[in-house]
Amino acid sequence: MPTSHWKRIVVKVGSALIAPHQQGCSSHYLLGIAQFIATCRAQGCQVVLVSSGSVAAGRHRFPETAEPSISLKKAMAAAGQADMMATWDKLFDFPSAQLLLTHGDLRDRDRYISIKNTIFTLLDNGLLPIINENDAVTAAKLRVGDNDNLSAMVAAAADADALIICSDVKGLYNKNPNLHDDATLIKQVSEINAEIYAMAGGATSSVGTGGMLTKIEAAEKAISHGIETMIVDGFDADTFNQLLKGQNPGTLFTPYDVPMQEHLHWMTHTSQVQGELIVENDFSADLEEHDTQLTSDDVVAVRGNFSVGDTVLVRKGDGTKLAKAKSNYSSCLLHFIADQEDREFANNAQQKTGPLISDKNIAILEQL
């Protein structure tokens, strides 16, 4: 684990570390993290901080309720975000900047590039970007939903060398350590497969939204971009001393030897499917080789409502996922073409409008 070679890292801090008792922000567990970030910066390593905790930090300002409504959670997030930023600012002697994102921002290619440029500009000018999901305003369909996956998307956007996910356990165990005394810590994972996912249990914290499963999802996103990923115990101050010494205090996920190209990674792991193009089960054309291989005749069904430029999933009728791609047609136009009994009319319409999808904006999905 060559920490001395890291040029840029993303550190993700969960809600349980920010507001462990849900009575506002506490610096008790944050001081060691802040010192680690400061030391990394002093050694020439740029740092981006993804900080959860706005809802947990703001919860104490509202009447206690077992199941807060969505609007109440949004209000908690609005109140808690300011407190959370103020807490971090007290721990640093250098300037920081706040970025509040939604999945709607990340899945739009132009806004994604804008986010990248903003992060790079902040880093180049010595500021610490502190990023969180914009829980106060985002709608359900635009949410990432957990900051583990958000941190992986940010790490990809920031071209980070490493992603460090601070958890409330030491890392990934072969079974739930809260239920099994003989659970063993997995120190290194070279491939994320079904067996690794099977080891991931539910959330171990009552404060946040993510559990070990979302951390594995985040690790898979990050390592496919060539980003070394670690799950570590953020409650243990010695964790960060070990990291600075180049030691592995938790679980290390080794990155792909050949990372995915940037635009393919965005299409695969960040863009969100807005609809589906269903083809016959015997469809066998190479979608990646020629964008004209998929025609309106191949599409037997169109699912969802989407516009030109939205990401769609191309799959077989049996559920086999073939690709995610940028659609050159709206769902409305595709339905119109499909309803035409005169196939010559449909073919002429496609010839005039162009291919259904482009081979320049497609990610072939691994068929498991």
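Hey, can you tell me all the residues within the stretch 226-285 that are out of contact with any Pro (no Cβ under 9 Å at 6 or more places or on another chain) and of a type in the set (Phe, Trp, Tyr)? Those that are out of contact with any Pro (no Cβ under 9 Å at 6 or more places or on another chain) and of a type in the set (Phe, Trp, Tyr): Phe253, Tyr256, Trp266, Phe283.
Of all residue pairs spaced 6 or more apart or on separate chains, those with beta-carbon atoms under 6 Å, a first member in the stretch 226-240 that is touching a residue at least 12 places away in the same chain (Cβ under 8 Å) and over 20 Å from Ile216 (Cα atoms) and a second member that is of a type outside the set (A, V, I, L, M) and open to solvent by 10 Å² or more (accessible area, probe 1.4 Å) are Ala237/Gly32; Phe240/Gly32.
Just one of (1) assigned by the TED database to the domain that holds Val50; (2) surrounded by fewer than 18 Cβ atoms within 10 Å (Cβ to Cβ); (3) of a type in the set (Val, Ile, Thr) trips up Ile231, so point out which. Condition not satisfied by Ile231: (2).
Kindly check whether there is at least one residue in the stretch 56-63 that is at pLDDT below 95, open to solvent by less than 20 Å² (accessible area, probe 1.4 Å) and farther than 22 Å from Pro129 by Cβ. Checked against the condition, which is being at pLDDT below 95, open to solvent by less than 20 Å² (accessible area, probe 1.4 Å) and farther than 22 Å from Pro129 by Cβ, the stretch 56-63 yields no hits at all. Looking at the structure I just gave you, is Ala222 outside any loop (DSSP other than H, G, I, E, B), touching a Pro at 6+ places or on another chain (Cβ under 8 Å), closer than 30 Å to Gly44 by Cβ and in the same structural domain as Ser26 (by the TED database)? Spelling it out, Ala222 is indeed outside any loop (DSSP other than H, G, I, E, B), touching a Pro at 6+ places or on another chain (Cβ under 8 Å), closer than 30 Å to Gly44 by Cβ and in the same structural domain as Ser26 (by the TED database). Out of curiosity, is Ser296 at pLDDT below 85 and over 14 Å from Ala363 (Cβ atoms)? Spelling it out, Ser296 is indeed at pLDDT below 85 and over 14 Å from Ala363 (Cβ atoms). Answer yes or no as to whether Ala42 is without any contact (Cβ under 8 Å) to a residue 24 or more places away in the chain and either within 24 Å of Glu228 (Cα to Cα) or not assigned by the TED database to the domain that holds Ala56 (or both). The answer is yes for Ala42. The set of residues in the stretch 89-129 that are aromatic (Phe, Trp, Tyr) and more than 29 Å from His265 (Cβ to Cβ) comprises Phe92, Phe94.
Checked against the criterion of being surrounded by fewer than 23 Cβ atoms within 10 Å (Cβ to Cβ), within 24 Å of the chain's Cα centre (by Cα) and under 17 Å from Pro129 (Cβ atoms), the stretch 11-29 contains not a single residue that satisfies it.
Residues of the stretch 235-272 that are within 30 Å of Ser307 (Cβ to Cβ) and either assigned to a loop (DSSP other than H, G, I, E, B) or open to solvent by 60 Å² or more (accessible area, probe 1.4 Å) (or both): Met260, Gln261, His263, Thr270, Ser271, Gln272.
The values are calculated or read from the model by the stated rules, or taken from the named source; none is laboratory data. This structure is a prediction, so every number in the text was calculated from the model and none was measured. Note: ideal-geometry Cβ built from the backbone for every residue, glycine included; neighbour counts use all protein chains shown. The accessibility values were calculated without ligands, DNA or RNA, using every heavy atom of the protein model including side chains. Shrake-Rupley method; radii C 1.70, N 1.55, O 1.52, S 1.80 Å.
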